[in-house]
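A short write-up of the structure that comes next.
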Amino acid sequence: MTTYILKRLLLMPLMVLGITLVSFCVIILAPGTSGKGGGSGDVRSGKLTQQQLEVMQRTFHVGKPIYLRYLYWLGVLQPEATQAELVEARRKLAGVREQEAFLEDRVEDERRYRAYVAHLDRTLLGSRDPASPATPDPDLQKTIEEIEVDARVPLRGMLFLDFGMSVTTTSVSVWQKIKEALPVTLAMNLIVVIVIYLSSLPIGIHSATHQNTFSDKSTTVLLFVLYSLPSFWVSILMIKLMVSLPDYLRLPFQGIFPAGAEEMATLPLLWACTKHLALPVAAQCYGSLALLSRFMRASMLDVIRSDFVRTARAKGCRETTVIYRHALRNSLIPIVTLLGGLLPGLLGGSVIIETIFGIPGMGYLGYNAVLTRDYTVLMALFTASAVLTLLGILVSDILYVLVDPRISFEKGR
Amino acid sequence: MSEPQAQTPPAMTGGSQSYWDLVWGQFRKNRLALVSLVVIAVLFVLAAWAPVLAEGKPWVWREDGRTSYPLPAWLTAPTSGMSVDYLFNYFFFLTLTVPAAVLLVRRSMRGKEFSAKVARKRWSLGLLAAVLAGVVPFIGPGSYERGATPAEKEAQPELQIVKVWHFFRRYRLDNRDYLGARESLSKERGDYAYFPLVAQDPLGQTTDLLQPPSSKHFLGTDNQGRDVLARMLHGGRISLSVGFVAVGIATLIGILIGGIAGYYRGWVDIAISRFIEVVICFPTFFLIITIIAFIDERSIFHVMLVIGLTGWTGLARLVRGEFLKLADQDFVHAARALGCGGARIMFRHILPNAMAPVLVSVAFAVAGAVLTESGLSYLGFGAPPPTPTWGELISQGKTHIFEGAWWLLYFPGFMIFLSVTVYNLAGDGLRDAMDPRMRN
Amino acid sequence: MSDTQPNGALLQVNDLRTHFHTDAGVARAVDGITFQIAEGECLAIVGESGCGKSVTSLSIMKLLPMPPARIASGRILFNGRDLVDLGQEEMCGVRGNDIAMIFQEPQSALNPVFTIGDQVAEAYTVHHPGTPMREAYERSVEALKSVGIPDPARRMGDYPHQLSGGMKQRVCIAMALICSPKLLIADEPTTALDVTIQAQILELLMDLQRKHRLALLLITHDLGVVAEMAQRTCVMYAGKIVESGATREIFSRPLHPYTQGLMRARPAPGSSQHGRQRLAVIPGRVPAATQFQDDCRFRPRCPLAQEKCAQEPPLEDYGAAHRAACWCAKREGYDAWKDAAAASAPKGASGA
Ligand SMILES: Nc1ncnc2c1ncn2[C@@H]1O[C@H](COP(=O)(O)OP(=O)(O)OP(=O)(O)O)[C@@H](O)[C@H]1O
Ligand SMILES: [Mg+2]
């Protein structure tokens, strides 16, 4: 068993590498990263500024040979602009920002404004005559822009979780955005998976052990209907229902935190969050729940008919022992492996669910990134969600070997 | 291990006929599955007939003593509105020619005895003729007729038969607002117009914004005053075509990649399997919206292509498994001994025997593709704006949820649900029909 | 039906009818059979595939899926208690404890996700609740040892897939006997094994039977096994017992044409080979259980069929508890069968 898991773990880096390769292939499809002329459509349509396009092109190292671009992007190699230069650029940009804020605060104050410009000149362009009046300097503006671009080029590459800066939101790194969104999506999907398994197993077992009874047949029909309902439609219908309900019955359907969450005690906060999560979790899980219940029923039926269940009965085991001890674990084998297959659908579905319910997770982030053409964020999300699924598949592989001893060819536990 | 019946490929001898007959016989017993097949057919016919049932253009328009045929002209026009319309307009003509061909062949064979071979020949000839006849309205000598004045037409002598062909096509294809112009027709001048059943333009904006269902707009209007029923009928064209085209693409890729992996084994298999494992990790919806974000001028065909290109992994795994199983059987060894090449063995010998499970998962995949498309349309990443789709209607319903625009939610949602359900039911029925345990 | 056996029989099956209610009609898989087993005795039931042997044994254990299957009539008396009347709950106390069963396919008869030890120990703890783990473990090791598994303590932690087919059948036997039941039903215990293993398993069964004074209901196709192991034999055909009696008696003087047919398919006496025998020498097949008629069910395949056979023959005693259900039984059949068969099928497989 340990060798099996070790083998899986050793395969992981390879798989991650494969994922980055596929991601990279998708990246070089993106307009603006394929060559110098690309992406002009976005600029023309006003979705991106020229500067933002340049940030993206620098991030994905447009104009270099493809293999170098891949290695740069991964962070295995450093592009010729050395790290020190980029760090310097970032530091400078931070300085500019500080002074800009300073400026905004006291924009009417002429004297201070002059002092600010002089200070800016000193910082950016080395020593200048401090006494000279603040004439608008086109060079200065250009330099600031260049610095801004420089400052938003990733320093280390994505293997070090440096995906660069967001193209459309200034001075926010992609990783920062993902770091905020990831826990939300992760937590929600974890809850969803738990809810799915906790409810589909009993449903499937009940249906299988009461085969062809009324409850089995009606459950089957219901599950079939659920499986075919589009989740975004159901979400909207639920919202519509909530709108029409009286206040004390209404569940919240925007976001995951109640207003004023900071001041609430733990328990009320937990309760409020649960209420907030109820609708999105329901909307996200019912489809997979229906599918899994159907699988569970079929799998259980298969196992109940098998010889070893008859042997268990012949030993004198009671029906509950037969079902829950002998049949259950065997029927779980195909169900556990489904977890890996479920995840891509769940993560993908979170785009819709999070958009509808205003949940600040990865799906919502992705949706907005598509709308604003925030390509760096999009690519990072894309890669990150694949890695997340890979982890899920690893977990399901491990669960699989825990459930089915035949997988490991070692002797003993 | 090698049973005697494995000597000949079951799907290549007469056995194939009886296998599919058996499956069909079993399928027919499942009433639900049969009904779902009928519903699929009805959905298709409705989509093909959408312009005939609901369109703002009249069949016949007579004004000032001049007659024109805007709707027939639109039906056969090479550049009409959305691009899937071309395909479905062809289907429309097929719904006319195919039943006609069936009737004719029936009649020609009535009362006489034919060998099965002759009968099959007649049927295939008749159906081929119907398929070709459906193309006729679309072909012809260029677009010279479009917008030509009667004088110009006189100047161009035509064969009589060409004239018949192009009777409809010679009339102007314009974007005139016939519905608006209807009021100005005067009986005294002998003007008249024959409109389709639902005389509403799916694209034409009116001032009746967000009207609930009424006798004028049976299913209400959307936020630009467009008729919901007309938009739903035309939206069916998108859903159906996305389902089938996308899954068609995915199936082709899946069969090719899975087949190669399963047939050649060894390193090829390992490489392809690892590749599939990697691709499976990408949440399909993320993949799709990422790629769709890249496309500057998006059309519905991009959406189909992307859904197809991202949805082949499951099928490839399935086909690989089937090929692994079948490539070891004796009929494959026999074919190899006869000197058949790899491609020939794969597609002529193994593939027909692997088709059964593939078909089942194709049915489920179509349902999945319809769901995906509606989700994309809902988010605004589907077909570009004026195109009517079910998902887009629902998204309007969500925007106006507080105004209580229930007709924008319930009707299109139900259509999505219905079409997804019938594909799932058909797939379920097919799987059960092919399950040997169900046969008794 | 008359019951001539002494009432001290361990298991007594009286006029048992087990029917399946299927879409294709009622399958009368077991249709009025009567037999009994005394303590320490070995009774064999032989017959072709589809005769209802397994259904008989599963009926005794009440292991048939009850919606399609139904015990239409009859009594199954075990130690004087009627098992037909017992509920599933009470049956659980009988199964494994009083009557144990082993099945045809040792490959699939063991639960793949539990260790051998778990499964053997469970068979004990089910009927001895509250047994300390240690004791159950020790008993399991002992049971495994008694069925001839080498190094049983180490084998306890193995999973079924790590064992060979013969070993698995031994584990099944250990599991069946750990509560020292009075009756063991063995439904074709050796069919799925290869020849040398078969011999070992049979040896083991005989050994255990003798040691524990175990009654054995042996279901098999293999007449060689029957001759070696069983004191008495019942021959089943199409849901009915067509002949029963002492094994020696039946082998030397088969009365029913079906039994005679089975005998012909046997290897010549004295030949050491106990190979699995195909009983296909009798032309035709057992009819499907839904198609059983009310005449003599062997009639379509019987070389001696007559007018009279349109009525069902009763099971009559021909002396020394040797009974047969055939109108022609008195014609001292073996030679008659031989002649008739030779006449009707000259090209048929040649007999011994
Ligand atoms: N669950 C069931 N439903 C319907 N008919 C059944 C069922 N189980 C068994 N039968 C029928 O009962 C008859 C007897 O079957 P059984 O399994 O007892 O035969 P058998 O003598 O044990 O044959 P074999 O030597 O192959 O084990 C068969 O004709 C079979 O079709
Ligand atoms: Mg049997």
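The values are calculated or read from the model by the stated rules, or taken from the named source; none is laboratory data. This structure is a prediction, so every number in the text was calculated from the model and none was measured. Note that each Cβ is placed from the backbone with ideal geometry, even for glycine, and that neighbours are counted across all protein chains shown.
The table that follows gives values for the structure above.
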item	result
B:F364 vs. criteria more than 23 Å from the chain's Cα centre (by Cα) and crowded, with 17+ Cβ neighbours inside 10 Å	no
Test: residue in the stretch A:388-410 that is within 8 Å of chain B (Cβ to nearest Cβ), surrounded by fewer than 21 Cβ atoms within 10 Å (Cβ to Cβ) and either part of a helix (DSSP H, G or I) or among the polar types (S, T, N, Q) (or both)	no
Helices (runs of 4 or more DSSP H) fully within the stretch B:1-81 counting 2 or more residues that are modelled with pLDDT of 80 or more	B:14-29, B:31-48, B:50-53
Pair list, Cβ under 6 Å, 6 or more apart: the stretch B:106-120 residue over 19 Å from B:A130 (Cα atoms), other residue at pLDDT 80 or above and assigned to a helix (DSSP H, G or I)	none
Residue check for A:K240: surrounded by 14 or more Cβ atoms within 10 Å (Cβ to Cβ) and not β-branched (V, I, T)	yes
Any hit, the stretch B:256-263, residues being modelled with pLDDT under 90, crowded, with 24+ Cβ neighbours inside 10 Å and out of contact with any helix residue (DSSP H, G or I) (no Cβ under 7 Å at 6 or more places or on another chain)	no
Selection count where residues are surrounded by fewer than 19 Cβ atoms within 10 Å (Cβ to Cβ) and under 21 Å from the mean Cα position of the chain (by Cα), scope the stretch B:264-300	2
All positions within the stretch C:266-292 that are more than 16 Å from ligand 2 (Cβ to nearest atom) and at pLDDT 75 or above	C:P287, C:T290, C:Q291, C:F292
Residue match in the stretch C:140-157 (condition: of a type in the set (K, R) and either buried (at least 19 other Cβ atoms within 10 Å of the Cβ) or under 29 Å from C:G52 (Cα atoms) (or both))	yes
Count - residues of the stretch C:59-86 that are within 16 Å of ligand 2 (Cβ to nearest atom) and touching a residue at least 40 places away in the same chain (Cβ under 8 Å)	5
Test: residue in the stretch C:61-74 that is of a type in the set (K, R) and closer than 21 Å to C:L177 by Cα	yes
Pair list, Cβ under 8 Å, 6 or more apart: the stretch C:203-231 residue under 13 Å from C:I173 (Cβ atoms), other residue polar (S, T, N, Q)	C:L208/C:S146; C:H212/C:S180; C:L216/C:Q209
Check on C:V126, within 14 Å of chain A (Cβ to nearest Cβ) and at pLDDT 90 or above	no
Criterion violated by B:T251 - all others in (1) hydroxyl-bearing (S, T, Y); (2) more than 14 Å from chain A (Cβ to nearest Cβ); (3) surrounded by fewer than 21 Cβ atoms within 10 Å (Cβ to Cβ) satisfied	(3)
Which listed residue is in the same structural domain as A:P252 (by TED's automatic domain parsing), at pLDDT 90 or above, under 30 Å from A:S207 (Cβ atoms) and not acidic (D, E), from A:Y364, A:Y324	A:Y324
C:T196 modelled with pLDDT under 90, surrounded by fewer than 18 Cβ atoms within 10 Å (Cβ to Cβ) and in contact with a Ser or Thr (Cβ under 8 Å, 6 or more places away or on another chain)	no
Wholly within the stretch C:7-125, helices (runs of 4 or more DSSP H) carrying at least 3 residues that are surrounded by fewer than 20 Cβ atoms within 10 Å (Cβ to Cβ) and more than 21 Å from the chain's Cα centre (by Cα)	C:88-94
Any hit, the stretch C:28-51, residues being of a type in the set (D, E, K, R), within 12 Å of ligand 2 (Cβ to nearest atom) and at pLDDT below 90	yes
Residue, modelled with the highest pLDDT, within the stretch A:241-273, restricted to residues that are over 27 Å from A:A181 (Cα atoms) and either in a helix (DSSP H, G or I) or within 9 Å of chain B (Cβ to nearest Cβ) (or both)	A:L241
Qualifying residue in the stretch B:325-334 (condition: among the acidic types (D, E) and free of Cβ contacts under 8 Å to residues at least 12 places away in the same chain)	yes
A:R329 vs. criteria part of a helix (DSSP H, G or I), within 7 Å of another protein chain (Cβ to nearest Cβ) and surrounded by fewer than 21 Cβ atoms within 10 Å (Cβ to Cβ)	yes
Qualifying positions in the stretch A:368-380 - at the interface with chain B (Cβ under 7 Å from one of its Cβ atoms) and part of a helix (DSSP H, G or I)	A:V370, A:L378
Test: residue in the stretch B:199-207 that is surrounded by fewer than 21 Cβ atoms within 10 Å (Cβ to Cβ), touching a Ser or Thr at 6+ places or on another chain (Cβ under 9 Å) and more than 17 Å from B:T389 (Cβ to Cβ)	yes
Matching residues in the stretch C:15-56 - criterion: being within 8 Å of ligand 1 (Cβ to nearest atom) and among the hydroxyl-bearing types (S, T, Y)	C:T22, C:S49, C:S54, C:T56
Scope the stretch B:34-71; condition touching a strand residue (DSSP E or B) at 6+ places or on another chain (Cβ under 9 Å) and not hydroxyl-bearing (S, T, Y); matching residues	B:L53, B:A54, B:E55, B:G56, B:P58, B:W59, B:V60, B:W61, B:R62, B:E63, B:P70, B:L71
Qualifying residues in the stretch A:1-38 (those that are part of a loop (DSSP other than H, G, I, E, B) and β-branched (V, I, T)) - the one modelled with the lowest pLDDT	A:T33
